[in-house]
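Below: one structure, written as structure tokens.
The values are calculated or read from the model by the stated rules, or taken from the named source; none is laboratory data. Predicted, not measured: the structure shown is a model, and the values here were computed from it. So basically every Cβ, Gly included, is an ideal-geometry build from the backbone, and we count neighbours across all protein chains shown. SASA here: full protein model, heavy atoms, side chains in, ligands and nucleic acids out. Shrake-Rupley method; radii C 1.70, N 1.55, O 1.52, S 1.80 Å.
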Amino acid sequence: MTVSFQKVAVIGAGAMGRGIAQIAAQAGSQVWLYDTQSEAIAKAREAVFQQWDKLQDKGRLSAEAVAGHKSRLLGATALKDLADCELVVEAIVEKIDVKKSLFTELEKVLAKTAVLVTNTSSLSVTAIAAALQRPALFAGYHFFNPVPLMKVVEVIAGLKTDPSVCERLTEFARQMGHTPVQAQDTPGFIVNHAGRGYGTEALRIVSEGVADFATIDRILRDQVGFKLGPFELFDLTALDVSHHVIEAIYHQYYEEPRYRPNVITAQRLAGGVVGKKVGEGFYKYVDGTAQVPAEPPVPVVDNLPPVWVSPRAARRMDLLQVLKNLGAKIETGASPSPEALTIVAPLGFDITTVAVVERLDPARTVGIDMLFEDGATKRRVLATNPATRADMRDAAHALFARDGKAVSVIRDSGGFVTQRVVATIVNIASDICQQRICSPQDLETAVTLGLAYPMGPLAMGNRLGPDSILEVLFNLQTVYGDPRYRPSPWLRRRGAIGLSLMHTEEK
């Protein structure tokens, strides 16, 4: 098979550039790797060669294939060495002036038909191309680290990019073994845009004193199925990278409340507590292992009170069955007895609001998050209100832990933890579709491959029900009065008429 670009240059010998050069050479292109530091080129080539040797040792590549790959990965000593290249991929520092200067120089030495692309993750493709003589041949080509393993690449058209350029780049991505997704030139493109809800909402929850870092991480792993909790993820990516991305997208969207940064990351960045690579972030690390505080023990309660469940509880029948399986004594009256533990299960509202609206004794009222079916989760999450008695809190904890399932008890919060984070993720994804930044299908592909979510955000919204997500968002707005939680028109309209969030209008 003939590759879309026979001669390719990659500028920047860091991990990103090295990875792009590796997969391009594997696809069959002749690749020149260039960096202003010549020693970096030699180190990068040697690192890639070692990767191929390991794959050969494991039997995943033949000796002939490895020899061919190595012969196609060359070093360049100057920009003029790239004169014959049909495609140049820039993977250097995220500074727009530096990138503009580089591409201006490249236009002087390359053929007028050469395609130039930037691997920027957060800068405007259109703005970088503005200084070029041939902006029609310029596009974004955003890979993710580590490039050989992260199989998604965003193909981004600037305002003046010729559509045929994106078509060629899309095909070349497939030839390199990656999955291309098409995106418009907007802050964060698809993946970094869609990922805004996960960490920023978790930071807001911490800043309200609802729960600590470890508890939030446990809840989102065990209730939703995320591979890493948000604070584990922050520690892995490091705040000297992720905080700047959060701020960049927020400001590029002219202070859109959905993307609002948080003082917590700013303070920790200023203090140098940026993550695993320095041994301390949201967790401390010993020999690379996070030191996670132990979970609070399950209280010992000798005599459990009877339980009364609000008739307005979400998934009430599921909740009643859980209580029955746990051996609870369930009251069935129109109101709880004076001795009863009162259980509510709101969507979006906090426990305080529910107790007041339903005229329940707040001292005996505890909430449980029933956004997901109980059988689909590995953890139950309870919430108290400021007046909840300690004995009622402990009784609820002991009761819901009877079958061995993990239980977290948090302070009062509109939408608990899971509801807030999931609804924010679904809402931002819906608005990406509303803005026509990409198709719903490409969004789902980009997020599942680029962020490793257990399912795409639109699929998650469909599974839980767009109407339930809307209820969470509307009620969060009521509790917090924050436009951050206003529903996207995409979500609101499809939820109102019972359509899938993947549904697009007829052309």
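A few points about this structure:
- When G367 is tested against (1) in contact with a His (Cβ under 9 Å, 6 or more places away or on another chain); (2) in a strand (DSSP E or B), exactly one condition is not met: (1).
- Any hit, the stretch 74-81, residues being under 36 Å from the mean Cα position of the chain (by Cα), within 16 Å of G12 (Cβ to Cβ) and β-branched (V, I, T): no
Residue by residue, here is whether (1) closer than 21 Å to M455 by Cα; (2) of a type in the set (K, R) holds:
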| residue | (1), (2) |
| --- | --- |
| T161 | no, no |
| F172 | no, no |
| H178 | yes, no |
| N192 | yes, no |
| R204 | no, yes |
| L233 | yes, no |
| H244 | no, no |
| Q252 | no, no |
| Y259 | no, no |
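- Taken as a whole, the structure leaves I432 outside the set of residues that are surrounded by fewer than 24 Cβ atoms within 10 Å (Cβ to Cβ), over 25 Å from P386 (Cα atoms) and in contact with a His (Cβ under 8 Å, 6 or more places away or on another chain).
- Criterion (hydroxyl-bearing (S, T, Y), open to solvent by less than 20 Å² (accessible area, probe 1.4 Å) and in a helix (DSSP H, G or I)) met by exactly one of T200, T215: T200
- Applying the condition of being under 25 Å from the mean Cα position of the chain (by Cα) and either at pLDDT below 95 or assigned to a helix (DSSP H, G or I) (or both) to the stretch 170-183 and asking which residue is surrounded by the most Cβ atoms within 10 Å (Cβ to Cβ) yields A173.
- Residues located in the stretch 357-380, provided they are among the acidic types (D, E), more than 11 Å from L341 (Cβ to Cβ) and either within 25 Å of the chain's Cα centre (by Cα) or open to solvent by 50 Å² or more (accessible area, probe 1.4 Å) (or both): D369, E373, D374
- Some residue of the stretch 228-241 being free of Cβ contacts under 8 Å to residues at least 40 places away in the same chain, open to solvent by 40 Å² or more (accessible area, probe 1.4 Å) and not aliphatic (A, V, I, L, M): yes
- In the set G12, G28, only one residue is small (G, A, S), modelled with pLDDT of 95 or more and under 32 Å from the mean Cα position of the chain (by Cα); that residue is G12.
- Test for P346: is it without any contact (Cβ under 8 Å) to a residue 40 or more places away in the chain, closer than 25 Å to A423 by Cβ and part of a loop (DSSP other than H, G, I, E, B): no
- Qualifying residue in the stretch 405-424 (condition: over 30 Å from V300 (Cβ atoms) and surrounded by fewer than 19 Cβ atoms within 10 Å (Cβ to Cβ)): no
- Any hit, the stretch 320-333, residues being more than 30 Å from A396 (Cβ to Cβ) and not in a helix (DSSP H, G or I): no
- The one condition in (1) surrounded by fewer than 20 Cβ atoms within 10 Å (Cβ to Cβ); (2) outside any loop (DSSP other than H, G, I, E, B) that A396 fails to fulfil: (1)
- Residues of the stretch 396-415 include at least one that is closer than 26 Å to M502 by Cβ and in contact with a helix residue (DSSP H, G or I) (Cβ under 7 Å, 6 or more places away or on another chain).
- When the stretch 283-326 is filtered for residues that are surrounded by fewer than 11 Cβ atoms within 10 Å (Cβ to Cβ), under 16 Å from R402 (Cβ atoms) and touching a residue at least 12 places away in the same chain (Cβ under 8 Å), only V300 remains.
- Residue match in the stretch 381-393 (condition: open to solvent by 10 Å² or more (accessible area, probe 1.4 Å) and of a type in the set (G, A, S)): yes
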